[in-house]
Each structure stands twice: as structure tokens, then as C-alpha cells.
1. May I ask you to list pairs of residues, at least six apart or on different chains, whose Cβ atoms are under 7 Å apart, with the first in the range 82-105 being over 18 Å from residue 230 (Cβ atoms) and the second being of a type in the set (Asp, Glu)?
2. From the list 158, 108, exactly one residue is modelled with pLDDT of 90 or more, out of contact with any strand residue (DSSP E or B) (no Cβ under 7 Å at 6 or more places or on another chain), of a type in the set (A, V, I, L, M) and under 18 Å from residue 418 (Cβ atoms). Which is it?
3. Would you mention how many residues in the range 235-274 are open to solvent by 70 Å² or more (accessible area, probe 1.4 Å) and over 27 Å from residue 212 (Cα atoms)?
4. Going by the structure shown, is residue 432 more than 19 Å from residue 76 (Cβ to Cβ), among the basic types (Lys, Arg) and at pLDDT 80 or above?
5. What number goes with the only condition from (1) under 22 Å from residue 420 (Cα atoms); (2) open to solvent by 50 Å² or more (accessible area, probe 1.4 Å); (3) of a type outside the set (Gly, Ala, Ser) that residue 125 does not pass?
6. Note down all Cβ pairs under 8 Å where the first residue falls in the range 113-125 and is in contact (Cβ under 8 Å) with a residue 40 or more places away in the chain, the second is aliphatic (A, V, I, L, M), and they're at least six residues apart or on different chains.
7. Filtering the range 410-426 down to residues that are within 16 Å of residue 165 (Cα to Cα) and outside any loop (DSSP other than H, G, I, E, B), which residue is modelled with the highest pLDDT?
8. Give, as residue ranges, the strands (runs of 3 or more DSSP E) completely inside the range 7-99 that count at least 3 residues that are over 18 Å from residue 192 (Cβ atoms) and open to solvent by 10 Å² or more (accessible area, probe 1.4 Å).
Amino acid sequence: MAAKEFIVAIELGSSKITGIAGKKSMDGSIQVLAVVREDATSCIRKGVVYNIDKTSACLINIIKKLKTLLKSEISQVYVGVGGQSIRSVRNVIVKTLPDDTIISQDTINELMDNNRSMSYPDLEILDAATQEYKVGTQYQIDPVGIQSNKLEGNFLNILCRKSFYRNLNKCFENANIAIAEMYLSPIALAHSVLNEAEMRSGCMLVDLGADTTTVLVYYKNILRHLVVIPLGGNNITKDISSLQMEESEAEEMKLKYASAYTDNNDIEPGKTIPIDNERTVLMQDFVDIVEARVNEIVQNAWYQVPQEYNDKLLGGIILTGGGSNLNNIKKAFANETHIQKIRIAGTVVQNVTSTDKDINARNGMMNTALGLLAKGDINCAGQTINPNTDLFTQQPGSNTTGDLHSKPRPVSDIRPGTVMTEAEKKRMEEERQRKIEQTKRENEQLSSEETQTGKKKGSFFQRARKSFEEFGKKLISEESDEENR
């Protein structure tokens, strides 16, 4: 029987695209209805689209597979945005106000608009996380209602390359798939694996992926830093393959023997590890190669934490992703960071029921997809598919709701972690330009009216002056006549 209500999310990972559909209950629990995957090694690198046509074809296949399992059309999907080049940059916007001004929500919105309008060469603002506002000498989370003559907004802008952003939008456009909402995958992940105490007291979330490592820092429930490092588990595999073996063999050895930390006392001199029935490799060589790359990843991740938060991570370090399954990975992080409070998030905080083996494995590899699914709140189900029709001749997204964001949304309505589509950004920029032109016309009209008023006043004073002059001349003339008499 076809499901009438469900949410669909699509995650573009380092080497594969995952489509997931499920239902959410009132208590936040998730029932996964379908999970499908497409190999994307030929079109996606480090989570970034580089071949638009092939990625579009993969997305079309994802939708077809989901339709088959759900026996329903799919009207729209949630999309995760992540991958290489994403990073955060701090920005400060200052607004001077008239004396005795009471700060309103409109003032806050204007500050947020000005921040979103910032221009970065070759970079696109995906999201803007408000840090705090400075009113006078005091920092406030919500300054509405406070009287001040100056307001300073501190923001964390999350950026990525414009070409990557455009390519992603183009893929869904070419595949004719309507986007319900785009989310930053790292933030969706954080909201699903971190608990409130960790985000409040300060924590570092590290998503150890195949080709990338994503680092997020939270403090007082606010995102303080986000960056994607182009290093991951596949780098370890490639290093192992330097011991004269195929990458497939190196991957098997990594899964079977690799450890992020090995005590020297545990390494027997001359001990070997089998590659296959005929070949072996020295254990010492294997350990050195694995630990060297793991240490590089750990050091780069820790280096990303802003210095002012190094001693504020009372919530500890949370590890997730496929790389978090590496033996002794917690020990490797503890040695580098000197933080002992480390946990591995094998699954999300929501209660999840599923028959999919990868989800039930609870190894952290499906956490981002589940996080995106948890973010969804719009029904993605379309019409029930007639079993007598050929499913694969129907166009993906043919039953879509059309342009879901037909009008530019106010910045205050954009939820944290939400990424505007390219079409929506274009409409917002057009709306901004329209307001600028309107303000310009109003100022020109006001200036013209003031000029006309000035001319009128000038004309009145000129006539009055002339009258006084003529009156004065007349008096002088009369006085002269009297004296002559």
C-alpha cells in the first residue's frame, strides 16, 4: 500500500548519493520507509558536484528507485549541502541609531539583511549564524526593546564556492526535481547527534567521512565555527596501498587491522600482517603509515578550533561518520587535544526504526541522511502511482508543487541551517534592487519638491523685496518734492 505522507531527503556524500524516505511522529521518532543509493564516484568528489549531467542522472535514478519502493509520486525533496570548500567567516555589522531609539525587530532584520548582502570574491553565503548583538558595552542574544543609539551585530557567515553552489542547483533543475528546502548537512547532522547539554556547555563535533572531515564548534547553543577539511578515511586507504597492493585490498586491511593508536609494546619485532595467501607486510610499517595519516587528520581538526574556545569545550568531543569506527580513534584525539571527554555518536538522538542494515548498523555512516530527514516538516508525497502504468516512463518531479518559494522570504523567516536556492537568492536580490531604486526615486522626488518649495519661497521674497524698494523710492521722492516746495 502506498504511503500518503512521508518526507524525502537526499544527501550528496563523498562517493555516493543517498535518498531516504520516512515518517516522523509527534514525539520526534522516525520510521524509515526506504533507503536507496547511487554510486557517484564518477561525478562527485569530496561531496562536490563536478559533472552536472552524470549527477543529474544519478538523482533521476534515486527518485525512480524511491518511487518504486514507496508506490507514490514524489512532489519535492529536502537536500543536504556539504562538501569541500565550506567554511565559516566572522562578520560585524554596525548601525548607528538616533538618540533614545528603542531597538525593534525591524532594526534586527535590517542588520541581518545587510550581513546577508555582504560580497565575498568567488564565494556564496549559504547561511548566517547570529552570534550575539552588542548594545553599548553589553552583549545580548535578543536586544529587541532595549534603548540605544548604536547596535552591533556579530555573525558567522558560512561560505562555499559559487561554482559548487550553482552546480548543485543546476543538477536538481536538470533532473526536474523540486526542492522543498536546502539544508547545510553539517548543521542538520549536529542537531541530530548532539544533545542540548553538549551544545550549551561547549563541544567539538567531528564528522570523519571518506574524503572529508567536517569540524563544528558549539558554545552556549550557538554555532561558533564550521569548516570542511579535504582529508578522510580514503586517504588512509591510499597510503596503505603504497605497500604495493590494490586499493580494494588496502581498504580490506584498513577495516581489519588498522588502529588510530597502537602502543609500541604491542608491536612485536618482525611481526607481519597477511595481504593475501602469498604476501605479507611488516606490522611496524603498516602501523606507521596508518598512524601518520590519522595524526594528520586529528591535528588538522583540532587546529580548526578557534583559540578562545580551546578551554571551553566542557561538553567534550563528539566523533561520528565512518572514520569514527577506526580502532582507538578516541585515544588518538585524546592524545592530541588532551580532552578526555570523548564519545562516538553511532546514531542520532531521535528514536529510529528501520529494516535497512546500514541504519541498524549504528556506525555513524547514516547520521547525516537521518539528520536531514529529521529536519523535514513538509509532506513530500505526490499522487499514488497506478500499478498499470510504466513507472520508469514518468518524468521525475512531474508532479511537483512547482516553485515552492515564489516570493522572497524575510531573513527572519529563514531557519538556522537553511540554504536558499539559487532561484530564491535571485528573487531576493531583485527585491533588494527594487527597494534601492524605489528609495532612490523617493529621495529624488523629495529633493525636487524641496527645490520647488525653495524657488517658490525665493519668488515670494524677491517680489516682497521689490515692493519694499519701490515703496522706499516713493517715500524719498515725496520727501524731495516737499523740500522743493
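1. From residues that are over 18 Å from residue 230 (Cβ atoms), the pairs are 92/152; 94/152.
2. Numbers: 158 fails: out of contact with any strand residue (DSSP E or B) (no Cβ under 7 Å at 6 or more places or on another chain).
Answer to the check: 108.
3. Within the range 235-274, the subset open to solvent by 70 Å² or more (accessible area, probe 1.4 Å) is 238, 242, 244, 246-248, 252, 255-257, 261, 264-266, 268-269, 271.
If we keep only those that are over 27 Å from residue 212 (Cα atoms) too, we end up with 264-266, 268-269, 271.
Residues meeting the conditions: 6.
4. Against the criterion (more than 19 Å from residue 76 (Cβ to Cβ), among the basic types (Lys, Arg) and at pLDDT 80 or above), residue 432 does not qualify.
5. Among (1) under 22 Å from residue 420 (Cα atoms); (2) open to solvent by 50 Å² or more (accessible area, probe 1.4 Å); (3) of a type outside the set (Gly, Ala, Ser), the lone unmet condition for residue 125 is (2).
6. 113/411; 115/93; 115/128; 116/125; 116/128; 116/411; 124/159
7. Residues of the range 410-426 within 16 Å of residue 165 (Cα to Cα): 417-426.
If we keep only those that are outside any loop (DSSP other than H, G, I, E, B) as well, we get 418-419, 422-426.
Working: 418: 84, 419: 87, 422: 78, 423: 77, 424: 76, 425: 75, 426: 76.
Going through the qualifying residues, I end up with 419.
8. Numbers: elements: 7-12, 16-24, 30-39, 72-74, 77-81, 87-96.
Hits in the range 7-99: 30-39, 87-96.
The values are calculated or read from the model by the stated rules, or taken from the named source; none is laboratory data. Just so it is clear, the model here is predicted, and its values are computed rather than measured. Don't worry about glycine lacking a Cβ; one is built from the backbone with ideal geometry, like all the others, and counts go over all protein chains shown. Side chains included, ligands, DNA and RNA excluded: accessible areas come from the protein's heavy atoms. Shrake-Rupley method; radii C 1.70, N 1.55, O 1.52, S 1.80 Å.
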